[in-house]
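The values are calculated or read from the model by the stated rules, or taken from the named source; none is laboratory data. Remember, it's a predicted structure, so these values are computed and weren't measured experimentally. Every residue, glycine among them, receives a Cβ derived from its backbone with ideal geometry; neighbour counts consider all protein chains shown.
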Amino acid sequence: MVAGSGHRADEEEKVALLDAGANDYVTKPFGVEELMARIRAFLRTATRGADDGPIYDDGVLKIDLVQREVSVHGQVVPLARKEFSLLSLLVQQPGRLVTQTQILREIWGPTHEEDAHYLRILVGKLRHKLGDDASDPRYIATEPGVGLRFIAKERQTA
């Protein structure tokens, strides 16, 4: 970009990046101290409430994002890194539709936004481990061609 050519273009780019999921941005040139301060601020925000326990627990499925632990009926379910990332992304937005593009970008990166087959395979593996059924979902609902939604339930009592 030519110097002085576009404060408005810079602002539009920043807005687009923030709307696309960025939490913050640093413009060049930047100082290391500023970068470190932004990282500290992010970590303060990210760790707030970390001692609150599981983010989701309906009496059957328990998801603890801090401990990176998922259990079904009290049994720990080992999840691969991408399986946990997908579940984490969905459970943090209960009831909200998360588009395929958002999920692919978040988990595989921007060069994989068209690779919906990656997502289908991952969702199938995650559903199997959670005991979820695509035809009658308890936790992960699919909006065909659009995205996924985490179905939050009230805590079940025995």
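Quick notes on this one:
- Contact annotation: residue pairs with Cβ atoms under 7 Å, 6 or more positions apart or on different chains, pairing a residue in segment 118-139 that is in contact (Cβ under 8 Å) with a residue 40 or more places away in the chain with a partner that is surrounded by 13 or more Cβ atoms within 10 Å (Cβ to Cβ) and among the hydroxyl-bearing types (Ser, Thr, Tyr), are LEU130/TYR139.
- Restricting segment 114-136 to residues that are closer than 18 Å to VAL70 by Cβ and in contact with a strand residue (DSSP E or B) (Cβ under 9 Å, 6 or more places away or on another chain), the residue that is surrounded by the most Cβ atoms within 10 Å (Cβ to Cβ): LEU126
- Contacts under 7 angstrom Cβ, first residue in segment 90-101 being at positive phi, partner surrounded by fewer than 17 Cβ atoms within 10 Å (Cβ to Cβ) and at pLDDT below 90, 6 or more apart: GLY95/ALA152
- Residue within segment 105-113 that is in contact with a Gly (Cβ under 9 Å, 6 or more places away or on another chain) and surrounded by 13 or more Cβ atoms within 10 Å (Cβ to Cβ) present: yes
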